[in-house]
1. Which whole-number percent is the relative contact order of the chain (Cα, under 8 Å, 6+ apart)?
2. Just need the Rg to Rh number for segment 31-99, please, alpha carbons only, Kirkwood Rh.
3. Quick one: order 145, 125 by neighbouring beta-carbon count within 10 Å, fewest to most.
4. So how much slack lies between residue 56 and residue 102, counting 0.36 nm per residue of separation and subtracting their Cα-Cα distance, in nm?
5. Give me the Debye-computed log₁₀ of I(q)/I(0) at q = 0.15, 0.16, 0.20 Å⁻¹ for the chain, equal point scatterers on Cα only, no solvent, two decimals.
6. Kindly express, to the nearest 10 degrees and within the range 0 to 90, the angle between helix 87-98's C-alpha long axis and the longest C-alpha principal axis of the chain.
7. Fewest Cβ neighbours within 10 Å first, please rank 69, 74 accordingly.
8. Provide 28, 132, 65 in ascending order of the number of other Cβ atoms located within 10 Å of each residue's Cβ, fewest first.
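Values quoted throughout were computed directly from the atomic coordinates according to the rules given, and no laboratory measurement underlies them. Please read these numbers as outputs of a predicted model, since none were measured by experiment. Here the Cβ positions follow ideal geometry from the backbone for every residue, glycine too, while neighbour counts run over all protein chains shown.
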């Protein structure tokens, strides 16, 4: 392994300890609830979720879970509770969900990652990673994608496994 890659791996470890470097612009997550799977999204118009609770109240335990887990990366205020919402039940459920990360699988996201020298865009779509980093352009991996793999472990397809599968 070349020393350049070793340095990038160490930088990724350091970056993973600072999730506030990441800013989500969009995201789509498949969320396995207690009874059904739902699709949760964040876009220019705000949050969405395919669950009945979100359609009724404009907030749900699925959104609350993601707001809790990724707060430093969202750079936005949490959704307010809604009149008629069972707040106690939803808060308890969101807390439980936040401890059960296997419920969440990223489908896609678009983020800005603040590096030491400049910002980089990182995208993930159905297991395919991309970064504006020059190192990523030449090596297909970079500290930003590796850091995000660490932060979202189990919720994304690791880029190393994707690269290995492409070679085989």
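1. 25
2. 0.92
3. So the ranking, lowest neighbour count to highest, is 125, 145.
4. 13.9 nm
5. Debye output, listed in q order: -0.83, -0.92, -1.31.
6. Rounded to the nearest ten degrees, it is 20.
7. Least to most surrounded, the residues fall as 74, 69.
8. Fewest-to-most Cβ neighbours within 10 Å comes out as 132, 28, 65.
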